[in-house]
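The next block holds one structure in the form of C-alpha cells; read it before the comments.
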Amino acid sequence: MSPIAGITLSSVPAAAMLLFTFAGLNTTVSPTIAGALQHFAAGVLLCTVGTELLPAMVGAEGWKENFAAFIGFFSGVAVLIALGVIMPDTELDIVREDDVEQVPVDGQEDEQQEDATISAAAAAAASEAVPTTAPRSSSLSPSMAAPCKRDSIFGRRTSIKTAAFHAQEVSSSISKVADAATEATRLLSIYESETGHASTTSTSTSRCSTSKPFPTALILAVAIDSLMDGLLIGIAVAAGPSAGPMMSASLSVEMSFLGLTLATALHGHSAKKAIPAAFLGPLAIVGGAAIGGFMAYQLGHDPVLLVGMLSFGTSALLFMVAEELLLEAHEGGGEHLWWVDLQLYTGFFASVVAGKFAPTS
C-alpha cells in the first residue's frame, strides 16, 4: 500500500491531538473518564495485534523469517525501553521568596522589627486562605513531584500523561496562594490607612511566587512519543486493510490525552511560543507515519523483512497496552470500577465488529 495511506490515517490522531491541545486550556478530564477511554483504546490495540500483526509471526516459515520475527519483536521492546531511559524528566517547580535568605540593609533592622507585627497579622490571614496541600518548599512535595517523573527507567508516556493531572493541581494551588498574597496586601493597606504607618517590608505581603519556565523537556518527550506512534501507524498499513484504520482510531484517543497534557504545560505562555509547540506533536505523528509507510512500501515485497517489521510493531503495541495505557488507567491506585474495566473488552469487540466491515483488499 502507498505511504500516502499511512499519512492520511495519521492525520486523524494528529488532528485530535491538536484539537485537544487548544481545547484543553480550559478543560479538565475526570480521571475516571480518562481511565475508561484508555481501557477502550487498549482493547482496540489488542485486537489489532491479534488479528492483523500477530498472524505474520505465527505464519513465519523457514529460519530466515523466524529469525526476522525474533529480531523484530525484541527490537520493538528494546526501542521503547531505550526511549524510557533517555526520555527527559518533566518536573514542575515552585519557588518561594521566603526560601531565599534576605540580608537586611544597615539601618533597616529596627524598622523590620517594628513591621513584624503587621506582617504576622497579614501572614496569618494569608495562611488561612492557602490550602494545606499547597507546596511549602522550593519544589513540589514528594506526593506531587514524584508522579511527574518516570516511575522507573522503563517509564515513558506514563510520566507525560500523569503530569497533566498534577500540573492542573499545581496550577490550582498556585492560584490560591496568589489570592492569599493579594488578601494579605489588602489587609496591610487597610492597617496603614487607619494607622498612618507605612510598612517597609512590602515583600512580606507576597509569600510565594511561581516560576514557570517554558516546558521544553515535555515538548520534546511528546514529540518523540508522537513520532513513534506515527511510525506504528505506517507499519500497520502493511499488515492489512483494517489494521491502519484500527490503529488510527485507538491512537486518536491516546493523542487526545497528550494534547491535554501539552495544553496544561503551555498555559500562561505567549502565543508566539505556545502555538508552534502545539503543532510539533501532530507534525511528528504525520512525519512518523510517512517514515513507517515508506518502510512498509519498500520492504513489503520481501517476506523476511515484512515479518521482521510486523514483529516490531507487535511488540511495540503490546508494550503500549501493558506498560502504558492500562498502567496509566490505574495510576492513582484507586479501586477498580467494573464499567471502566469493561471498556477493555468493549474496545476489543468493537474492533472485531469494525474489522468485518473493513475492505478486504
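Computed quantities for the displayed model
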quantity: Theoretical gain in end-to-end length, Leu342 to Arg186 [0.36 nm per residue, Cα-Cα removed]; calculated: 50.9 nm
quantity: P(r) of region 218-264 over all Cα-Cα pairs, binned every 10 Å from zero, in whole percent; calculated: 27, 47, 22, 4
quantity: Distance histogram in 5 Å bins (all Cα pairs of region 1-47, percent per bin); calculated: 5, 16, 14, 23, 22, 11, 6, 3, 0
quantity: P(r) of region 305-355 over all Cα-Cα pairs, binned every 10 Å from zero, in whole percent; calculated: 21, 38, 31, 9, 1
quantity: Computed lengthening from Val85 to Lys273, 0.36 nm per intervening residue step minus Cα-Cα distance; calculated: 64.9 nm
quantity: Alpha-carbon centroids, region 1-67 and region 245-290: separation in whole Å; calculated: 15 Å
quantity: Along each principal axis, Cα extent of region 220-361, largest first, Å; calculated: 50, 42, 25
quantity: Apportionment of accessible area to carbon and sulfur, region 232-361, percent (1.4 Å); calculated: 71 percent
quantity: Residues of region 284-361: accessible area per residue with a 1.4 Å probe, Å²; calculated: 53 Å²
quantity: Protection proxy ranking, peptides 338-346, 44-52, average beta carbon neighbours within 10 Å, highest first; calculated: 44-52, 338-346
quantity: Length added when fully stretched, Ser193-Ile33, from 0.36 nm per residue minus Cα-Cα; calculated: 52.5 nm
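The values are calculated or read from the model by the stated rules, or taken from the named source; none is laboratory data. This one's a predicted model, so the numbers in the text were calculated from it and none came from an experiment. Every residue, glycine as well, gets a Cβ built from its backbone with ideal geometry; the counts of neighbours run over all protein chains shown. Accessible surface areas use protein heavy atoms only, side chains included; no ligands, DNA or RNA. Shrake-Rupley method; radii C 1.70, N 1.55, O 1.52, S 1.80 Å.
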